[in-house]
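Structure, as structure tokens:
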Amino acid sequence: MAEKDRQFGRQGQRVERRRDGWPWFSDVDDLAGFDRLRTPIWVFDVEQHAMWWGNQSALVFWGAESLAELRARDFSSDSQNVRDRLRLMVSAEGPVSSFQEGWTLYPKGQPITIVADIAPVWIEEGRRALMIEASYPIDLKQDPDALRILEAARNTPLLVSTFTLEGQLLVQNVAAAECYGTIVEKAATEALFRRFCRESDAAALLQSARDDRTLQSDFLVSTLRGERWHRVTAKRGRDPVTGQFVFVLTEEDISDHVVLEKRLEEANRTLESRVIQRTGELEQLNRSLQSEIEERTRVEQDLRTRTLYLSTILENAPMAIVLKDRDGRILAHGRNWLESTPEQFPDNAVGLTYESLVDPDRAGAVLDADRRVMVTKAPMKEEGSRVVGNRRLHWLKFRFPLIDEQGEVLGTCSITSDITEQKEAEAHMAYAQKMEALGQLTGGVAHDFNNLLAVIHGNAELLAELDGFDDSLTNPILHAAQRGSELTQRLLAFSRRQALQPRAIDLAVLLDRMLGMLGRTLGETIEIEAEIASDLWQARADPGQVENALINLILNARDALPNGGRIKIQCTNAVLELDGAATSDPDAAAGDFVVLAVSDDGVGMPQAVSARAFEPFFTTKGPDRGSGLGLAMVYGFARQSGGQVTLDSREEGGTSVKLYLPRDEAALDGDRSKAAGRPRHSKGENILVVEDDDDMRSVTMRILLDLGYRVQAVADAEIARQVLSDGRHFDLLLSDVVLPGNTDGAALAREARAEKPDLKVLLMSGYAASAKGPVHKSAPFLAKPFRRNELASALREILD
């Protein structure tokens, strides 16, 4: 190969470029000097397993018309053994001498055996390749190595056989022929299957060759000497005569080894039996000792397990645990005990006395409690609280004695739990229950009061209609009734029983419409500022009640600014999660909300006042300065609308109230336009009135008669059913929602409409929901107390 290296150096003018000791050809032009050589020379790209360059003699050798055709030649059928051998040649580091090997190639589909001089080189982009110079054909007489290899194959004790991929025997060496005999018909397809005792073994070997997989295993074969165990290796290759794929079986007789293994296994079993027999007596002698050892080990393991359990409990328990001896010395403690104490305790306080860790007064109180427990041998429970920062933390402590098996007191154990969240939840629950009870109370009072106001208002209007009656007598009655109605509406708003007409609201438009009026109302000493989110959602609520709520909040903020100041109104979107609602109210809902917030920088409220701010009639203002229903109305309106309200106030730190209104998912186009100019008086229709309050029934009947209607009035649903079934025609049923008995006005209306589909219905009540369920949504509704013209308009709108 030294001559070849010199030849490469003479012919290739650019071979001087080297990298890591290897020649480096950056492109095919670097190899132009090799084109004049008669010996086929080519460069094979090992990384891409493809031809990269070849001289003219190489093109003739491979039967290619051009370099491009040579580079496009497909070598994908090369076995994995060939690929591994090529990678091994280019894996060396530093200068490497060339390799010389005998190869059988198939350039034109026919096998040609050559001697190849091979040298590793670098090619473009730093890829590894091999430069190969071919001398062919081989004269085996001139190749002693090939002769020696053939002779070794003939005389090796290993059995070597070559088969086609169809299982036909092509050739076998002397050892194989002596083992299996000479087959006259070497091409017989059953040769492979005849050799193995199990047909599945031959099929597995054949399939591995077809899949180009090397398979090695032990098989039971049928030989001239009978059945033997052979270790068989099967590899795929090419037939140097035909160029077809074949596979070579290499077999080694391991029958003697298998027999020895079986004999050794039998000897081991015999020896094991003898050892068992000999050691039986020793085991009997050691059994009692082993039992004692096991008992001691079990006791020690139990002790370690109990110690581990105690340690795990102390370290991970969600409460503070500490154990002390009779003298107050700490025996053990948990991590939470260190973290829950206000003092800075060392990481390990075991062995220290309580007096050395806390102040004398606190230590004395703790030790006195420990002594009481040790003397009485009875557990003791304590509950207390302390202020940390701006929050009060509550704790519950259980203290009990540590008593041994003889009943002697060894010390004490105290377990302290943080019950702050429990106490806060109880307080919130109590507050919610109180507010619900107040709501039911005020709702019931307001309902009854509305009936009284309706009677007063109705009779006053009837008096005013009389000719010659002095208006100066009826006007104060009507004015007082109106004020009473407004008061009951606030009570109903707090109790969430007012009649609401929710629809889609754009709070930005509503606020813009009200800012001018609010500014004039508040005066020059108070600055009002509005901040509205650009992507504000539409809310769903009663617009009139939203305006009332906003006015109440603004007036409260004004009263908190006696010397003037700034009020800020904000409208934003909020998404409340199930575990992160805006309030600690257990009934608070989650979802999408539009937030209307009113904040001031005024005097604020102390905690005791802010805790009762939403209670009806609770006020800190002087006489004649408020009814105490403003925030209660806002609270009830928010809850009835499906929202909530929060209050954040600090003394001398201002107040912020946030009203959460549910988002309108389907924005409404607007309210339905109401027909105007309809006549208020009767056209002679028949009306059935159902009202259990005698005075209310009387005044309602008189108003209807005065309007020209034909009226029949009854006191309950049962009588109303009888009247309706008598056959008399009625155009409209006017019924109170709350009726005595098991049937309310809504249920009566549904029954009547089922029997008489043309019957019109108008329901009336002091609030929008009865004690027995919500008003039927399909029935028109009139809230008490109502004016004469409101009743007249409602009747005409339904009847017409």
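Residue-by-condition table, conditions (1) in contact with a Gly (Cβ under 8 Å, 6 or more places away or on another chain); (2) assigned to a loop (DSSP other than H, G, I, E, B); (3) at pLDDT below 70; (4) open to solvent by 40 Å² or more (accessible area, probe 1.4 Å):
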site: Asn451; (1), (2), (3), (4): yes, no, no, no
site: Val455; (1), (2), (3), (4): no, no, no, no
site: Ser472; (1), (2), (3), (4): no, no, yes, yes
site: Pro476; (1), (2), (3), (4): no, no, no, yes
site: Gln482; (1), (2), (3), (4): no, no, yes, yes
site: Leu492; (1), (2), (3), (4): yes, no, yes, no
site: Arg520; (1), (2), (3), (4): no, no, yes, yes
site: Asn548; (1), (2), (3), (4): no, no, no, yes
site: Asn556; (1), (2), (3), (4): yes, no, no, yes
Q. Inside segment 749-763, can you point out the residues that are under 21 Å from Val699 (Cβ atoms) and either open to solvent by 20 Å² or more (accessible area, probe 1.4 Å) or assigned to a helix (DSSP H, G or I) (or both)?
A. none
Q) Which ones in segment 501-517 are among the small types (Gly, Ala, Ser) and either without any contact (Cβ under 8 Å) to a residue 40 or more places away in the chain or under 30 Å from Ala779 (Cβ atoms) (or both)? A) Ala504, Gly516
(Q) When the residues of segment 50-75 are narrowed to those that are exposed (fewer than 15 other Cβ atoms within 10 Å of the Cβ) and touching a residue at least 24 places away in the same chain (Cβ under 8 Å), which ends up farthest from Gly126 (Cα to Cα)? (A) Gly63
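Matching residues to (1) open to solvent by 100 Å² or more (accessible area, probe 1.4 Å); (2) hydrophobic (A, V, I, L, M, F, W, C); (3) at pLDDT 80 or above; (4) closer than 30 Å to Ala234 by Cβ:
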| site | (1), (2), (3), (4) |
| --- | --- |
| Arg274 | yes, no, yes, no |
| Gln290 | no, no, yes, no |
| Glu300 | no, no, no, no |
| Lys324 | no, no, yes, no |
Q. Across segment 402-423, what is the number of residues that are out of contact with any Cys (no Cβ under 8 Å at 6 or more places or on another chain) and either open to solvent by less than 20 Å² (accessible area, probe 1.4 Å) or touching a residue at least 40 places away in the same chain (Cβ under 8 Å) (or both)?
A. 12
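Conditions tested, residue by residue: (1) under 30 Å from Gln607 (Cα atoms); (2) modelled with pLDDT of 85 or more; (3) open to solvent by 20 Å² or more (accessible area, probe 1.4 Å); (4) among the small types (Gly, Ala, Ser).
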{"position": "Lys658", "(1), (2), (3), (4)": "yes, yes, yes, no"}
{"position": "Asp664", "(1), (2), (3), (4)": "no, yes, no, no"}
{"position": "Arg680", "(1), (2), (3), (4)": "no, no, yes, no"}
{"position": "Glu691", "(1), (2), (3), (4)": "no, yes, no, no"}
{"position": "Arg697", "(1), (2), (3), (4)": "no, yes, yes, no"}
{"position": "Met701", "(1), (2), (3), (4)": "no, yes, yes, no"}
{"position": "Val714", "(1), (2), (3), (4)": "no, yes, no, no"}
Q.
Let me confirm something: among Leu67, Leu88, which residue is among the hydrophobic types (A, V, I, L, M, F, W, C) and at pLDDT 90 or above?
A. Leu67
Q | Number of the exception - Thr583 against (1) open to solvent by less than 40 Å² (accessible area, probe 1.4 Å); (2) at pLDDT 85 or above | A | (2)
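Of the residues Leu762, Leu733, Leu739, only one is of a type outside the set (Phe, Trp, Tyr), modelled with pLDDT of 90 or more and under 28 Å from Phe637 (Cα atoms); which?
Numbers: Leu733 fails: under 28 Å from Phe637 (Cα atoms); Leu739 fails: modelled with pLDDT of 90 or more.
The unique qualifying residue is Leu762.
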(Q) Condition first: within 60 Å of the chain's Cα centre (by Cα), open to solvent by 10 Å² or more (accessible area, probe 1.4 Å) and among the acidic types (Asp, Glu). Now tell me which residues in segment 26-49 satisfy that. (A) Asp27, Glu47
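The values are calculated or read from the model by the stated rules, or taken from the named source; none is laboratory data. Being a predicted model, the structure only gives us computed values, none of them experimental. Heads up, the Cβs are rebuilt from the backbone with ideal geometry, glycines too, and the neighbour counts pull from every protein chain shown. The area values use the complete protein model at the heavy-atom level, side chains included, leaving out ligands, DNA and RNA. Shrake-Rupley method; radii C 1.70, N 1.55, O 1.52, S 1.80 Å.
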